[in-house]
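Okay, so here's the structure we're looking at.
The values are calculated or read from the model by the stated rules, or taken from the named source; none is laboratory data. Because the structure is predicted, anything quoted here is derived from the model rather than measured. As a convention, Cβ positions derive from the backbone with ideal geometry for all residues, glycine included, and neighbour counts pool all protein chains shown.
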Amino acid sequence: AQSVSQHNHHVILSEAASLELGCNYSYGGTVNLFWYVQYPGQHLQLLLKYFSGDPLVKGIKGFEAEFIKSKFSFNLRKPSVQWSDTAEYFCAVSGGYQKVTFGTGTKLQVIP
Amino acid sequence: NAGVTQTPKFQVLKTGQSMTLQCAQDMNHEYMSWYRQDPGMGLRLIHYSVGAGITDQGEVPNGYNVSRSTTEDFPLRLLSAAPSQTSVYFCASTRQGGVYEQYFGPGTRLTVT
């Protein structure tokens, strides 16, 4: 069975600080990986996704993630966060044409 | 396109009552799913459907029923509401499960007293 671990539950950063949110997954085969964001009071939106090819994936709003197969990781990064990045971030994994499993989420609070 | 719509936005039920949460999408997506979101637990899959007439259970299916008579609609039924079902419920759809981006509805906040 597939699973996802997000070890950081709550992260507080000052504006302009760099961000890295951890995501580790468990699945024995080829995986599809996603990062979703949920801004306060809103529904989830896709930030970026990895299916194959270049392991460094660029998404919207300056976010990127790196797929490291040997470490079963798909960490999310942003060089300089803004107050508007305050949100909850979810990593998700699927094993092909199957259901998607979400992590428990990381709440990011950016202090002006 | 309206995308994914959910009704109602808020609902309060008493223990033992039943109700149906509605979900509809106008993107002709084959795959639809229901999640519940609880603090510290992320999104947990309740039920999903890969097409009209086909449904399957997710991680937390107990106490919920679904059906998929059309491509557009995927209602979630609570048979006998319990306080443990107090949660925010999201419906999502995608062209093909597990591969493409899921589009989420605005959610239904359910309180069971």
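Of the strands (runs of 3 or more DSSP E) lying entirely inside region B:1-94, the ones with 1 or more residues being without any contact (Cβ under 8 Å) to a residue 24 or more places away in the chain and among the hydrophobic types (A, V, I, L, M, F, W, C) are found at B:42-51, B:54-57. Among the residues of region A:63-85, the ones that are under 14 Å from the mean Cα position of the chain (by Cα) and surrounded by 14 or more Cβ atoms within 10 Å (Cβ to Cβ) come to 13 in all. For region B:72-109, which residues satisfy the criterion of being surrounded by fewer than 19 Cβ atoms within 10 Å (Cβ to Cβ) and away from every other protein chain (no Cβ under 14 Å)? Residues satisfying the conditions are B:Glu72, B:Asp73, B:Pro75, B:Arg77, B:Leu79, B:Ser80, B:Ala82, B:Pro83, B:Ser84, B:Thr86. Considered as a group, the residues in region B:91-107 that are touching a Lys or Arg at 6+ places or on another chain (Cβ under 8 Å) and over 16 Å from B:Ala2 (Cβ atoms) include one that is modelled with the highest pLDDT, and that residue is B:Glu101.
On the basis of being touching a residue at least 12 places away in the same chain (Cβ under 8 Å) and out of contact with any strand residue (DSSP E or B) (no Cβ under 9 Å at 6 or more places or on another chain), does A:Thr86 make the cut? So A:Thr86 fails the test. Applying the selection to region B:32-70, what residues are of a type in the set (A, V, I, L, M) and facing chain A (nearest Cβ under 8 Å)? Listed by number, the residues that qualify are B:Met41, B:Leu43, B:Leu45. Checking each residue in region A:99-112 for being assigned to a strand (DSSP E or B), closer than 22 Å to B:Val99 by Cα and not polar (S, T, N, Q) picks out only A:Phe102.
Looking at A:Val37, A:Val11, A:Val31, just one residue is of a type in the set (Val, Ile, Thr) and modelled with pLDDT under 95, and that residue is A:Val31.
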